[in-house]
Structure formats: C-alpha cells, structure tokens
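Heads up, the thing below is written out as structure tokens.
The values are calculated or read from the model by the stated rules, or taken from the named source; none is laboratory data. This structure is a prediction, so every number in the text was calculated from the model and none was measured. Cβ placement follows ideal geometry from the backbone for every residue including glycine, while neighbour counts extend to all protein chains displayed. When the accessible area is computed, the model is the full protein with side chains, heavy atoms only, and any ligands, DNA or RNA have been set aside. Shrake-Rupley method; radii C 1.70, N 1.55, O 1.52, S 1.80 Å.
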Amino acid sequence: MSAARLDIERVRKDFPILQTLARGKPLVFLDSAASAQKPQAVIDAMVDLYSRSYANIHRGVYELSERSTAAFEATREKVRSFLGAAETREIVFVRGTTEAINLVASSFGRARVGEGDEVLITHMEHHSNIVPWQMLCDEKGATLKVAPIDDDGSLIVEEFEKLLGPHTKLVALPHVSNALGTVNPVKDLVRRAHAKGVPVLVDGAQAVPHQRVDVRDLDCDFYAFSSHKLFGPSGVGVLYGKAEHLEAMPPYQGGGEMILSVSFEKTIYNEIPHKFEAGTPDIAGVVGLGAAIDYVEALGLDAIAAHDHELLEYATGALSEVPGLTLVGTAPEKAAVLSFVLDCAHPHDIGTILDQEGIAVRTGHHCAQPVMQRYGISATARASLALYSRREDVDALVAGLAKVREVFA
Ligand code: PLP
C-alpha cells in the first residue's frame, strides 16, 4: 500500500519558526538531526498544561495533581504504542538518549560486565554511545570492541558477527548514524547477537523522526530516543527496556518517586518503570512529547518516511552535481542526513557563508569523532532533512554552496 503524501506547505504552517527570518532572509533550516523544530500543537500542549493543569504528579490527592498525572501517564501509553512495546511499564522517562544509555551502562552494564568481558559497539557511534561504555569498561577491566564500517558508511556485518565472541556481554549500536545517515539492519544484527546470547541496546535517536519503529519486531533489549529530535521539547527522552531486564536491574538514581518505602535501615524500591524515575520529572516536557507523537502519528509515519526518502534522493542528486563536493556516507540504506566536504573550503567556512544566506547547517565532528577519524577528516558540513523540509531548501543549499565556491575556489 503506498503511503499518503505529506502536504508540505500545510505541514510547514504548523511550525511557527519556519515563518521567521534568519540574517534577514527566509529561514532554511537544515539542522533537524541536531534538534528538530516544534509544531504549534507541541507548544500549545505545554502552555495548556502550565496554564490549566499543572501540579506535581503521582503525589497529590487533589484534582489538579490527578489531571497532571493523567496527562503525564497518557504519554507513557502513547510512547508504548509508538514503539510497539508490550507494556507501559517498559517505558522509562529520562532526559534524553544520553541519559538512557548511561542508565543502562550504569545499572544493567555494571551488573553484567566484569573483568575480561567485552562490550561491542560500531565505528559509527555518537559519543553518547561510546563514552558510557568506555567508562564501564575502564571501571570493570573490560574491553570495548568496535565493529568496522565500509567506505560508504555501511556496517561490515560479517566483521560484527566475528566480534561477537564468548566474552561479549552487551552490544550497543545506532539504528541510524547521525554523522553518516546509515540505517543499520537492526533486526538482523539483534538476531545475530541473540544467537550468541548477547543482549542489544539500540540508540534510536536518529531513527524515530524518520521511520516507524517496532521494538517487538526488532526484538532489541533496550531502545533509546530523545523527544527533541522527534519534534518534541528538549530535556525529555525515553528508554524502552524489556520488562524482564528492567525488573532485574538495580536502580540508577535514588530519591523520591523510585521507592515504595524508606526507613534508615532499609528502602524498598518501587515497581518498574518508577524504580528508574527518581525525582520530579520534566512533566510539561513529557506532555509535549505526547503531543509530538500525536502529531507524527496524525501525519502518518509511512508518509513521513516516504517524504524523507524522496527528498534524500533529490538532495543526493543535487549535491552530487556541486563541483568539488564529496558526500561522506553513501550507504545504500540511508536516512535524510547529508554529510559533505568541499575541496575549496573548511566546513566551518561553509557554515558561515551559508548562514549569511539564512541557511542553517551543522558543521564539525557531530559528536562522532571516530567517524571523522575513519575518513581522515576533522569535520564535515551536514544538512539534515525532516518532515517539513522541501526541495526549495535543497535548492537554496546548492545556491549557497555556489557562493561558497565564489569566495573560496
Ligand atoms: N545518538 C545519536 C545517534 C544522536 O544523533 C544523538 C544526538 O545528536 C544522541 C545519541 C544524543 O542525544 P541527546 O543529546 O538528545 O541525549
């Protein structure tokens, strides 16, 4: 069944910031992989909560607190359904992907990984899926193993498989690479890891804005994502974990909310997911995430995926025509991320000249320095597309790059 098409001009009207100017020119926003813009529905949901239904959650016996709690917990159900998880208790609210990974490394990882063990990641990780594992390995005397990637940015699956050894205690890998755009064959990789009894955490930060995710189909043990890349507010994210793991794991942080009872002698921890939600959470942020999920579900995840894919093809073709431009990351399975270098200008100079035209791209190592090292470069310029991006944005980028060439070539 072919997906309904997005009406991009209508979609763009939902995002107030896209109607603004940058450097006096219409904003061309091509940095959605860093953080996506927010539709009015998300902004309204947060304003509405603060204006009419805000109180601390789970604790109050009064009506306002009940309303606030209901709005917060309604998002848990939305996330469950969005990820295809079996139960709401498998959905833990955290600050973002980074905190989700740190939670698993600190709790699951500490309990599972010991001296001489190995944690397997890939060469295309964001720093947030490297450093927590490195810290764990340092603490435990374990070794971090890295599965290599091809010149086009694809994971070399046979090498990944070879690195799954008797000492591998955990695999952590990205669903989609933020620096290269590569979409990994996660279901297949999970199957290979599970065949050797190894659990898998998937960093889904760059996947959820572009495609439907079904954690039960992937069969991953953990899945992490950030609200702010999914058109929701920053400061909120999600850790999905299989209930059997979450139940067995020790708490990550201690405090209020995560307990059933406390005395100076003994604390009894709360049920999952509350065991992992110490302290007052970002209540309005979670409610905003719920509105973001409603928003993408209403547009249709298949329609979003089709739009992003079509625009990626258009942008790949257009950028390939730019003289002296090399795309970094050309895997056959890609999400709407275009990293590139120019022969005549440093990425930061590219970004600065594009900015003068009102075009926002990201430049630098994209928190993925090992990826840059793999290609022998220090930085790239990166244009990333989202459901509100259109061909005109790509055309503006190409015209902007012609100006960069005028200055530097
Ligand atoms: N993983 C990937 C692939 C990312 O792109 C990012 C952010 O850019 C992160 C993890 C970290 O996300 P956050 O900063 O929201 O915790």
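Mind checking which aspartates and glutamates have their Cα closer than 12 Å to the Cα of residue 162? Skip sequence neighbours fewer than 8 apart in that chain.
Once the sequence-local aspartates and glutamates are set aside, nothing remains near residue 162.
Which residue, 64, 230, 163, has the most motion in a Gaussian network model of the chain that connects Cα atoms within less than 10 Å?
64
If the only charges are +1 at each Lys and Arg Cβ and -1 at each Asp and Glu Cβ, what is the size of the charge dipole of the range 267-409 around the Cα centre, to the nearest 20 debye?
480 debye
Counting only protein chains, not ligands or nucleic acids, how are 367, 220, 344 ordered by accessible area (probe 1.4 Å), most first?
367, 344, 220
Please give me the summed charge of the neighbours of residue 373: other residues whose Cβ is under 15 Å from its Cβ, Lys and Arg +1, Asp and Glu -1.
Residues close to residue 373 contribute a combined charge of -1.
Give me the accessible area per residue for the chain, probe 1.4 Å, as a whole number in Å².
On a per-residue basis, the chain sits at 41 Å².
Which helices, counted as full DSSP H runs in the chain, have an axial Cα extent of no less than 18 Å and a Kyte-Doolittle average of 1.0 or above?
283-299
How many angstrom separate the Cα center of the range 330-374 from the Cα center of the range 240-280?
Cα centroid of the range 330-374 versus Cα centroid of the range 240-280: 41 Å apart.
To the nearest 20 Debye, how big is the dipole of the chain about its Cα centre, given +1 on the beta carbon of each Lys and Arg and -1 on that of each Asp and Glu?
400 debye
Report, ordered by chain and residue number, the lysines lying within cross-link reach of residue 78, taken as a straight Cα distance under 26 Å and ignoring same-chain residues fewer than 8 apart.
13, 38, 187, 229, 242, 275
What nm distance separates the two modelled labels at residue 17 and residue 266, each placed 7 Å from Cα along Cα→Cβ?
5.0 nm
Quick one: if you stick a label point 7 Å off each Cα along the C-beta vector at residue 7 and residue 134, how many nm between them?
4.9 nm
On full extension of the chain, what length is gained from residue 253 through residue 196, given 0.36 nm per residue of separation minus the C-alpha to C-alpha distance?
Roughly 17.4 nm would be gained on extension.
Rg and Dmax in Å for the chain, alpha carbons only: what are they?
21.8, 72
Summarise the accessible area of the range 245-349 (1.4 Å probe, protein heavy atoms) by the percent that is carbon and sulfur.
53 percent
Can you send over the solvent-accessible area of residue 196, 1.4 Å probe, protein chains only, in Å² to the nearest 10?
100 Å²
Which distance in nm do the two modelled labels at residue 348 and residue 66 give, with both placed 7 Å along the Cα-to-Cβ direction?
Taking the simple label geometry, residue 348 and residue 66 are separated by 5.8 nm.
With a 1.4 Å probe and all protein chains left in place, how much of the accessible area of the range 45-100 comes from carbon and sulfur atoms, in whole percent?
Roughly 53 percent, rounded to a whole number.
With the dipole of the chain worked out from charges on the C-beta (+1 for Lys and Arg, -1 for Asp and Glu) around the Cα centre, which of 55, 246, 40 lies farthest toward the positive end?
Of 55, 246, 40, it is 55.
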